[in-house]
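Below: one structure, written as structure tokens.
Every number in this text was worked out from the coordinates using simple rules, so none of it is lab data. Keep in mind the model is a prediction, meaning the values are calculated, not measured. Every residue, glycine as well, gets a Cβ built from its backbone with ideal geometry; the counts of neighbours run over all protein chains shown.
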Amino acid sequence: MIEGARPDPLVSRAQYRPGDDDALVLARDRTVLLVIDPVNDFLAEGGAAWDLTKATVEKHDVVRNLERAIDGARARGIAVLFAPMAYTEADYADAQLQRRSGINRLMFERKMFLAGSWGADFHPDLRPRDDEVVLLPHKGIDVFETDLPEHLERLGTTHLVIAGMTASLCCESTGRRAMERGYDVTFLSNAIGADNPASYEAAIHLNYPLIANAVLEVEEFLAGLDDQAGAPPAAGDRVLGSDHGEIGEVKEVVEPAEDVAAHLVVARGAIFERETYIPLDAVVRRVGRDVFVNIPKLVVQKMPWDAPPSAAEDEAKRGPRAPEVDRLYGSRDPSAWDAGRR
């Protein structure tokens, strides 16, 4: 685009970084494990937030599962980035962060993550190695507001795997931002804790499945790294949604033809009263004989998948070609765009 020219709003700046890569694996040379706030204030008895996080951290054995994820990623050559927080007097006396939000107020009042303190330090079982990246501290709930983007670009990242603390705040906010920037996002459900069980359940089962491509457990993450073959789906595979809910078994894989788009036929069973026809490009991950689609099981019955997808319908889903669109909205266009084109 010519410097200074007005961007065309019909030309999307959004993208999916893996692009046309249809491999169903977490490619080792393009996958990064991001571990958010693996620190004593969250994960150790005596931490400033331990009374809030204890229930989910202990229930899901978060410290041990984080340790397994980190060690497993290291053993397989996956870069591990550590994203802690730290606050100094200037953050509160000068920047007034305690007045910015509820979570900032809570951290201020409880003296959480004070720079140089035991609470802000890494849990003894989750410390970075000298050759690993520790990001600049995030001062809120979005790790993209640090030097994370530069490191992801440097590493050639397309797939970002997120673990750590806490489920509904830093992990979710960072995952949302990563998705918007085109990364293929995976959350590790048993290596994430929360400030209370309700927020954990909402994040893991409702929010993550819609803002990520998959919600996996640590053992599935590591198994996926071990299998780099990326075999396509096959009859007999088990189909799971992005919420880890079981959808059914693959009855048939239908290849594309002149009037039919490629899709899976999932057999009807105890849950689904009819066969379900899932577009093949909805399949985003394979772990053993499990294939994951990027739609939650809870939503599958709301999808128009009760008949084989036609090539014409697949084309219609893509919407109009940009040159064919005269106005973005019937009543009026975005102000900046309208001023530049009308």
*By its C-alpha gyration tensor, with a ≥ b ≥ c as the square roots of the eigenvalues, how is the stretch 238-317 shaped: rounded for a/c under 1.5, else prolate for a/b larger than b/c, else oblate?*
prolate
_Difference of contour (0.36 nm per residue) and Cα-Cα distance, R76 to D147_ = 23.1 nm
*Taking the Cα centre of the stretch 125-175 as origin and charging only Cβ (+1 Lys, Arg; -1 Asp, Glu), how large is the dipole, in debye to the nearest 20?*
80
*Would you mind checking which residues have amide H under 5 Å from R285's amide H? H placed 1.01 Å from N; only 5 or more apart, or other chain.*
F292
_Residue-by-residue Karplus 3J(HN,Hα) for the stretch 280-293, coefficients 6.51, -1.76, 1.60, Hz, glycine and proline x_ = 4, 6, 7, 7, 10, 8, 10, 9, x, 9, 9, 10, 10, 10
*Treating the beta-carbon of each Lys and Arg as +1 and of each Asp and Glu as -1, no other charges, what is the dipole magnitude of the stretch 188-342 about its Cα centre, to the nearest 20 debye?*
560
*Determine the shape class of the stretch 31-226: with a ≥ b ≥ c the square roots of the Cα gyration tensor eigenvalues, call it rounded for a/c under 1.5, and otherwise prolate if a/b is greater than b/c, oblate otherwise.*
rounded
*Per-peptide average of other Cβ atoms within 10 Å, ordering 286-294, 99-107 highest first*: 286-294, 99-107
*Of all DSSP beta bridges located in the stretch 31-226, what percent are antiparallel, nearest 5?*
5
_What does the charge count around V250 come to, taking other residues whose C-beta lies under 10 Å from its C-beta (Lys +1, Arg +1, Asp -1, Glu -1)?_
0
*For the stretch 8-132, rounded, prolate or oblate, judged on the Cα gyration tensor with a ≥ b ≥ c (square roots of eigenvalues), a/c < 1.5 rounded, else prolate if a/b > b/c?*
oblate
_Running a GNM on the chain with Cα contacts under 10 Å, which residue among P320, P38, P84 ends up with the highest mean-square fluctuation?_
P320
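How many lysine pairs in the chain, separated by 8 or more positions in sequence or lying on different chains, have Cα atoms less than 18 Å apart?
4
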*Place +1 on the Cβ of every Lys and Arg and -1 on the Cβ of every Asp and Glu in the chain, take the dipole about the Cα centre, and give the residue among L328, A198, Y208 whose Cα lies farthest towards its positive end.*
L328
*Quick one: R321, R17, fewest Cβ neighbours within 10 Å first, how do they rank?*
R321, R17
*Mean separation of Cα pairs under 8 Å and 6+ residues apart, divided by the residue count of the stretch 238-317: what relative contact order is that in percent?*
33
_Vicinal HN-Hα couplings computed from phi for the stretch 139-146 (Karplus, 6.51 cos²θ - 1.76 cosθ + 1.60; Hz; Gly/Pro x)_ = 9, x, 10, 10, 6, 5, 8, 10
*Estimated 222 nm signal from helices in the chain, with DSSP H stretches of n ≥ 4 weighted -39500 (n - 2.57), rounded to 500*: -7000 deg cm²/dmol
